[in-house]
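The values are calculated or read from the model by the stated rules, or taken from the named source; none is laboratory data. Remember, it's a predicted structure, so these values are computed and weren't measured experimentally. For neighbour counting, all protein chains shown are included, and Cβ atoms are generated from backbone atoms with ideal geometry for every residue, glycine included.
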């Protein structure tokens with residue numbers, strides 16, 4: 001049996017209605033040469049039943065929540081595609097999302113991965129609307145989004161990372177960068193950023209292709225589990241910094257994290273900002289975790305010291321190339 005061009009991996013954890021929309025869009029895609037693998041991380045709703053209602057896909061059921069990274073790695077062991085598409089269970093791809101990205105990666109052998117506009121999707125931002133704000137790479141708003149009227153629809157740029165909520169990755173790049181594909185140490189958040197950093201340090205490139213559209217449920221993790229979201233975001237930022245930042249950048253990151261953790265501890269004690277109690281407690285606990293696991297973090301820093309080219313000069317090179325390609 002011939003291998004498919006694309007293996008689509010969807011990690012499921014509750015949110016079964018979003019999962020139905022996600023899988024419906026994948027199977028309605030104009031790209032037919034694919035296989036679909038769903039890994040369920042012990043959902044408490046009917047997500048598994050929803051996944052099994054779609055014929056022709058593979059469903060893996062975990063007895064506990066292993067995290068986003070480990071679940072994707074599980075599916076990768078079974079995936080046979082030349083490309084691996086990561087699609088969140090609360091993300092919906094456009095009908096031509098796969099064909100656009102496959103065509104681009106076919107033409108760019110140095111590219112490890114590519115992704116497109118990830119439009120906001122919630123009650124105020126309808127699914128399928130290309131006038132929604134999206135996560136972009138030029139003019140950013142405080143929430144990390146870009147208004148759709150800012151970036152041109154034909155925008156193409158090399159970038160340092162793309163969102164793992166909807167991304168197409170070259171299998172050869174995964175194999176050459178080496179295991180684990182997405183590092184389970186992160187559990188959730190920053191795991192794809194870490195992979196792209198490793199790929200860039202090994203000489204690959206990452207691209208943003210505006211016309212490849214997808215829609216992502218906005219900040220669903222914050223609403224459902226705010227403490228967990230904030231804890232892993234702060235903790236994993238520190239882990240990423242120990243692995244990939246130079247000494248000056250790491251020291252700046254640690255100084256900021258230390259100051260914010262102290263502030264959070266004081267505000268919690270004085271009950272200032274109690275409405276943000278989960279975020280404050282998470283910031284404090286993430287710093288405490290880093291202090292308690294300092295030997296582990298220093299070991300990670302040493303392990304990645306000679307991983308490839310240093311990340312900072314690689315990012316400066318990306319900026320120079322992006323400016324040149326944009327004619328700016």
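For first residues located in region 292-308 and under 15 Å from residue 240 (Cβ atoms), partners that are modelled with pLDDT of 95 or more and surrounded by 11 or more Cβ atoms within 10 Å (Cβ to Cβ) and lie 6+ apart or on another chain with Cβ distances below 6 Å form the pairs 297/242; 300/242; 300/243; 301/242; 304/243; 307/201. Restricting region 276-299 to residues that are surrounded by 16 or more Cβ atoms within 10 Å (Cβ to Cβ) and farther than 19 Å from residue 255 by Cα leaves a set whose member that is farthest from the chain's Cα centre (by Cα) is 276.
With respect to the stated conditions, residue 15 is touching a residue at least 24 places away in the same chain (Cβ under 8 Å), touching a helix residue (DSSP H, G or I) at 6+ places or on another chain (Cβ under 9 Å) and on the phi > 0 side of the Ramachandran plot. Would you confirm, using the coordinates I've provided, whether residue 41 is surrounded by fewer than 20 Cβ atoms within 10 Å (Cβ to Cβ), within 19 Å of the chain's Cα centre (by Cα) and in contact (Cβ under 8 Å) with a residue 24 or more places away in the chain? It is false that residue 41 is surrounded by fewer than 20 Cβ atoms within 10 Å (Cβ to Cβ), within 19 Å of the chain's Cα centre (by Cα) and in contact (Cβ under 8 Å) with a residue 24 or more places away in the chain. Residue 148 falls short on exactly one of the conditions (1) surrounded by 13 or more Cβ atoms within 10 Å (Cβ to Cβ); (2) modelled with pLDDT of 65 or more, and that condition is (2). Residues in region 111-129 that are surrounded by fewer than 15 Cβ atoms within 10 Å (Cβ to Cβ) and at pLDDT below 90: 123, 124. If you filter region 192-206 down to residues that are over 15 Å from residue 304 (Cβ atoms) and buried (at least 23 other Cβ atoms within 10 Å of the Cβ), you find that the one that is nearest to the chain's Cα centre (by Cα) is 192.
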